[in-house]
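Take a look at the structure below.
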Amino acid sequence: MVDRSSGRHRPAHHGAPQVRAGAPSASAAKFDKKTIALVYDFDGTLSPRPMQEYAFLPQIGADPAAFWAESNALAREGRADPLITYMHLLYKKAKEKGVRIDRRDLVAQGRQVALFPGVEKWFDAIGAYVKGHGQSHGVALRHYLISSGLSEIVEGTSIYRRFHNVFASEYWFDAYDLPYPKRVITDTGKTQYLFRINKGIEDLGASINQHMPEDNRPIPFSNMIYFGDGDTDVPSMAVMRKNGGHAIAVYPPRGARAKCVELFKAQRCDFFAPADYSIGSELFKRTCLLLDRILADIRVAEEKWRLGRGLR
């Protein structure tokens with residue numbers, strides 16, 4: 001799919017229809033709540049470090065710890081949004097160093113981003129698990145990414161094509177010598193995209209504020225699992241759990257798990273596990289447990305739907 005606002009390719013939507021708020025179901029004679037959505041954060045969830053640290057910061061000679069400390073300090077002093085601040089500071093420092101980085105450079109940087117163990121094979125493995133499940137007839141599985149990181153860098157990673165859609169921060173490159181933030185996705189702003197997935201309104205030019213009855217929403221929250229790693233994911237986890245969805249917190253395989261334990265005790269997530277996406281890992285097994293539950297719930301909902309139709 002081509003994002004016409006930027007002329008670049010987006011992950012394919014596989015022909016998924018855009019559902020308008022208040023619109024009737026596309027097929028009144030078919031149970032259509034059979035899509036499962038796995039939704040991921042990126043930094044700290046799929047990748048061990050912030051994506052900018054793999055190529056962007058080294059290219060401009062910036063120490064990561066010093067850069068983030070400066071960015072956070074500037075945001076506090078100016079009472080500015082931390083994400084807009086970091087996006088501005090990245091290019092300000094690049095300009096100071098005489099390094100011109102455009103969109104093509106950022107996409108190329110994505111090839112240097114490291115991923116946690118098993119991530120590249122995860123999508124096929126989870127897809128095979130769902131396909132082989134006894135309750136999976138007619139069920140579709142989608143993967144989504146919602147990140148405050150840069151969409152251009154994500155596009156250069158080996159897993160970009162595995163996502164049904166990517167929602168991430170972006171730059172405008174054409175109108176300014178110093179690229180200007182085009183889209184900034186904050187911690188709380190991430191929740192908007194959960195509702196876009198839920199309502200089937202993934203066109204960012206369309207509003208999601210209009211009321212849509214639950215029965216018209218193509219992907220119920222109960223069919224969704226959110227994967228995150230820390231405080232920045234709390235709003236998304238809270239929205240997911242409050243609306244009947246699921247969440248899993250991850251931590252580095254050889255790192256501290258204290259934050260995930262805190263999230264689990266606060267009931268922000270169903271499970272937590274090391275960020276090892278390999279087949280047979282704790283994360284894989286616990287994700288499959290939730291998929292078992294979702295698939296069973298879909299089957300129950302479908303049977304109730306069929307029974308109700310027979311009573312008309």
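None of the figures in this text is laboratory data; all of them are computed from the coordinates on show. Quantities reported herein were computed from a predicted structural model and do not represent experimental measurements. We place every Cβ from the backbone using ideal geometry, glycine too, and count neighbours over all the protein chains shown.
Quick test for you: out of Gln52, Gln59, pick the one residue that is over 30 Å from Leu291 (Cα atoms), without any contact (Cβ under 8 Å) to a residue 60 or more places away in the chain and of a type outside the set (A, V, I, L, M).
Numbers: Gln52 fails: without any contact (Cβ under 8 Å) to a residue 60 or more places away in the chain.
Going through Gln52, Gln59 in turn, just one is over 30 Å from Leu291 (Cα atoms), without any contact (Cβ under 8 Å) to a residue 60 or more places away in the chain and of a type outside the set (A, V, I, L, M): Gln59.
Do we have Phe163 as under 29 Å from Pro48 (Cβ atoms), touching a residue at least 40 places away in the same chain (Cβ under 8 Å) and more than 13 Å from the chain's Cα centre (by Cα) here? Break it down stepwise before answering.
Working: under 29 Å from Pro48 (Cβ atoms): yes; touching a residue at least 40 places away in the same chain (Cβ under 8 Å): yes; more than 13 Å from the chain's Cα centre (by Cα): no.
Judged against the criteria, Phe163 is not a match.
Name the residues in region 254-306 that are charged (D, E, K, R) and in a loop (DSSP other than H, G, I, E, B), would you? It would help to see each step written out before you state the result.
Going residue by residue through region 254-306, those that are charged (D, E, K, R) are 254, 257, 259, 262, 265, 268, 270, 276, 282, 285-286, 292-293, 297, 299, 302-304, 306.
Once the filter is applied, which keeps residues that are charged (D, E, K, R) and in a loop (DSSP other than H, G, I, E, B), region 254-306 yields Arg254, Arg257, Arg268, Asp270, Asp276.
Within the set of pairs 6 or more residues apart or between chains, which connect a residue that is in contact (Cβ under 8 Å) with a residue 12 or more places away in the chain inside region 230-259 to a residue that is of a type in the set (Asp, Glu) and assigned to a strand (DSSP E or B) with Cβ atoms less than 9 Å apart?
Thr232/Asp43
Quick check: anything in region 213-229 polar (S, T, N, Q), over 20 Å from Cys269 (Cα atoms) and assigned to a strand (DSSP E or B)? Reasoning before the result, please.
Quick first cut of region 213-229, residues polar (S, T, N, Q) only: 216, 222-223.
Restricting the remaining residues to those that are over 20 Å from Cys269 (Cα atoms) gives 216.
Pick out the ones that are also assigned to a strand (DSSP E or B) and you get none.
No, there is no match, as no residue in region 213-229 is polar (S, T, N, Q), over 20 Å from Cys269 (Cα atoms) and assigned to a strand (DSSP E or B).
Tally up the residues in region 228-245 that are crowded, with 24+ Cβ neighbours inside 10 Å and not acidic (Asp, Glu), please.
So the count comes out to 5.
For region 123-139, how many residues are touching a helix residue (DSSP H, G or I) at 6+ places or on another chain (Cβ under 9 Å) and either closer than 17 Å to Met224 by Cα or part of a loop (DSSP other than H, G, I, E, B) (or both)? Explain how you work it out, then say what you get.
Of the residues in region 123-139, the ones touching a helix residue (DSSP H, G or I) at 6+ places or on another chain (Cβ under 9 Å) are 123-126, 129-130, 133-139.
Then drop every residue that is not either closer than 17 Å to Met224 by Cα or part of a loop (DSSP other than H, G, I, E, B) (or both), which leaves 123, 126, 129-130, 133-139.
Adding up the residues that qualify gives 11.
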